[in-house]
Each structure stands twice: as structure tokens, then as C-alpha cells.
Amino acid sequence: VETRISLARRAAVLAPALSASEEAHTIAFDSGHAFPGILPDMTAAAERALTDYRTETLQYGARPGVPEMREWVAGYLNADGARTSAQEVLMTNGAKHAIELVCRLLLDEGDAIIVTAPTYYTAIPLFRSYGATFIEVGQDSEGIDLDAIEERITWLKQEGRRLPKFIYNVPDFHNPTGVTMPRGRREALVGLAARHGMFVVEDSPYRKIRFEGQDEPSLKALDQDGCVLAVGTFSKLLAPGLRVGWVVAPPDLLQRMALLKSDGGSSPLLQRIVLEFCKTGGLEAHTLVARTTYRTHRDHMVRAVRRDLPDATMTVPHGGYYLWLTLPRHIDGDELAKRAKENGVSIFPGSKFYAGQNDDYPRNKVPPKNNIRLNFSHATPEEIDEGVRRLSFAYATVARQTGDAREKAWVAPSA
Ligand SMILES: Cc1ncc(COP(=O)(O)O)c(C=O)c1O
């Protein structure tokens, strides 16, 4: 809609887009939705929340969250190697809200942050709306490239510029690449941040959705200097509709973030429902269900890709929700996503996951276009088979067109 009112810069940098998964007959491999077949039954927990805890759940709540919920989250994280307490846990409306509060706390217009290339796409416009300048660094099979960070910091110091405020990272089953950082790289990352006086925002929604292998320590567990702000959520493990998450931060920062919550405080009702569910063993049991289900989905999708898209290469992730495919260099992921949608399957092109460099650092790399991300959590195994088949038809069309175009481009000069 045309409007003569000019938008705030914060709104103007956002590009609204409807998810293809909302369209009928489309198989959705795009967003990270839960598998509808395993959404947990939380009726008993909700009933208790609304009867036994009515005066708590239907009243304004404390800004930092329901005290018992904060205690529970601290215990949950400590069982996973952290050394934290309820005073350091701020409850939020999911992980994205936690990330936004970190932005509100730390970012002024033009402040630099470090992200991986590629990175979690929803965080990109969020960071951008707070005026962030992106420093993109690559990854290898062990995660974020620390040499690239050091190189960049050296340059910033030489230029007399301010250092980045934080490094945003997804260390477990990275979105979109599926990479999990081993312990050594984690220790080095936390050490680097502490040495240079930066925070690390550890965003790890898939941490417990591990299909095989051993857990690596969380960045928070390795944090000696209070430089890790750990973001968590019940979205991927239980249900994204709950909108319950948290951020762990030193108490003084936490108090400020609590004051920066424009809603006054996250819903006590939702926190109490989650808490009642967790306290009675629901989370533990559901974690096993999620792991088994999503492992089956992953295996199914890996088999389907190997069968129907033999040109694609991938590193099979040991957990999480996504496969990151690398296609032959000349295949354009954007074009493939468009064709795929026409063929009734929605995917995300790799280009969506690059923040783009928006400072004047000399080495400006163009992101590759030949990747796509496939979500395997949401579709049924049968839909996964059918979706990959549809994708293979779209791929054949794009490959043929690209081949024709290349042939023409080659023929033209001598014609
Ligand atoms: C890395 C990462 N962070 C955060 C989120 C969103 O979590 P929430 O639904 O709790 O806002 C996602 C969901 O896709 C994610 O992949």
C-alpha cells in the first residue's frame, strides 16, 4: 500500500515476506516449524496453571519472569555445565525476543557486531533495525573462523575504530549449516571475546536435539569472565507457539534488559504452563520424542537427497532441524527456490542467510549463491520424499537453463 507517511528507519529496513509454507498444497521445507505430530499435550499443566496458580498467572508478573521458572531454568542450565543462578536468568517471549533485548541493551546506531557467513536469517533484520554494522566471518567444519576475527580486530585497531560489541553465534547444530563447534574452538572463541572485551551471544535453540555423538560444553559453561550472554528457548524442543525463552546475563545487565522490556514482563501464564510441564518430567520425556522423531526425519531427507539430488553435497548434521546443501557452482539457489515453489515445495535459498558487509573493510567477498537450506522437522517422512522429488524436478529445470545459458554465452563471441 502506498503511503505518504515515511516509515521509521527501523521499520523501513525490514522486508515483509510471506512464508510459502502458508500456501495450500506446498510442502514446506522452509521455516523451522515443529512436527505437528509431536506437539506436546500440555492440557494438565495449563489446567494447574489456571487453577492452582490463578492469582499468579492472571496478574501482572515480575518483569524478569516468574521466580520459580527462573530457578528452574538456572537448574536446567547448571545440569548442563553452567554455573548460574536465578538472578542471572531473564525470561523472554522466546529467543528472538531475547536477542532483541540484547540489541536494545548494547547497540547504538553504527555499532559493529560479528556474525558468521551464513547466519540465522531472522536475526539479520533484527540486528539491522538496531543500526548494526556487520562483520561477516566464514566458518569451517568446526565453526566460526577465529583467525578472521583476529585479523579484523587488528584492522579496526589500526584504523582507530571501535571494536565490535558482540559476536553472535549458534554453536550447536548451526542454523543454517548444521555445524557444531568442538570444545577447543569454543574455548578459543570465549577466550578471544574476553581478551578483546566483547560479548558472545550464544544462541542455542537446538542444543538438546542431538541425534548422535556427545554434547560439547556450552559456551556459557566455559565462560570465566561473564562475557557470554546465553539465549535459550522452549520453541524447538517443546513448541514454538509457547513463546517462552530466556537470556542469561550478569544481574546488573539483566536488570537493565528487564527495564527495556516494553511489555512490562513476559506472560506469567505461559511461563507457569511450561514450568508445570517441566516440573513433572514433561520436558525430559518430550526431548526423547523430539530426538527420535527428528532423527528419523533427517535420515529420511538425507536418503531422499542422495537418491534424487545426487549433484548436491552436504555434511550430515548430528542434530537440529536443517540440511545445508551445496550445489554445483553455477546453480543459482534463488532461481532454484523460485522454481521449487512453482513445483509445490518451499525452500530457503542460501542467499537469505548472509547479512552482507555494510562497512568499508577492503576485502569485500561476494557470498556464494549455490546453497539451499532444507528444513526436515516439519514435514512427514512421506512429504519429505515427495518434496525432495519435486525439488529434483525444479533442479533439473534450473540446471538445464543454466547449461543452455552457458552454452549461448560461450557460442556468442565467435558467432
Ligand atoms: C538460531 C535460532 N535462534 C532463534 C530462533 C527462534 O527462536 P524463538 O522461536 O524462541 O524466537 C531460531 C528459530 O528458527 C533459530 O534457529
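Every number here is computed from the coordinates shown, using simple stated rules; none is lab data. All values reported here derive from a predicted model rather than from experimental measurement. Reconstructed Cβ throughout: ideal geometry from the backbone, glycine too, with neighbour counts over all protein chains shown.
General remarks:
- Each of T122, T57 was scored by other Cβ atoms within 10 Å of its Cβ. Arranged with the fewest first, they read T122, T57.
- Straight-line cross-link partners of K341 among the lysines, defined as a Cα under 17 Å from its Cα and at least 8 positions apart when in the same chain: K352.
- For the range 190-336, the alpha-carbon radius of gyration amounts to 1.31 times the rule-of-thumb value 2.2 N^0.38 Å expected for a compact globular protein.
- Dipole axis of the range 278-361 (+1 Lys, Arg; -1 Asp, Glu on Cβ), positive-most option in S351, P328, P310: P310
- Considering only the chain, percent of DSSP beta bridges that pair antiparallel, nearest 5: 55 percent
- Using only alpha carbons, the range 59-113 has a radius of gyration to Kirkwood radius ratio (Rg to Rh) of 1.06.
- Overall form of the range 91-143: oblate. Here a/c, set by the Cα gyration tensor axes a ≥ b ≥ c, is 1.5 or more, and a/b is not larger than b/c.
- Gyration tensor (alpha-carbon) shape descriptor, the range 259-401, a/c threshold 1.5: oblate
- Computed as a quarter of the hull surface, the mean projected area of the alpha carbon convex hull for the range 187-240 stands at 4.1 nm².
- Compactness ratio for the chain: Cα radius of gyration over 2.2 N^0.38 Å (N = residue count) comes to 1.02.
- Listing I167, I149 from fewest to most neighbouring C-beta atoms within 10 Å gives I149, I167.
- Among W246, W155, W324, W72, a tally of other beta-carbon atoms within 10 Å of each Cβ gives an order, fewest to most, of W155, W72, W324, W246.
- Pairs exceeding 24 Å between alpha-carbon atoms, taken from K208/K279; K96/K157; K236/K369; K236/K338: K96/K157; K236/K369; K236/K338.
- Gyration tensor verdict on the range 44-170 (Cα atoms; rounded if a/c is under 1.5, prolate if a/b is larger than b/c, oblate otherwise): prolate
- In this simple spin-label model, placing a label point 7 Å from the Cα along the Cα-to-Cβ direction at both R306 and E109 gives a separation of 5.4 nm.
- The range 360-397: chymotrypsin sites (Phe, Trp or Tyr not before Pro) falling in loop per DSSP and having at most 10 other Cβ within 10 Å: none
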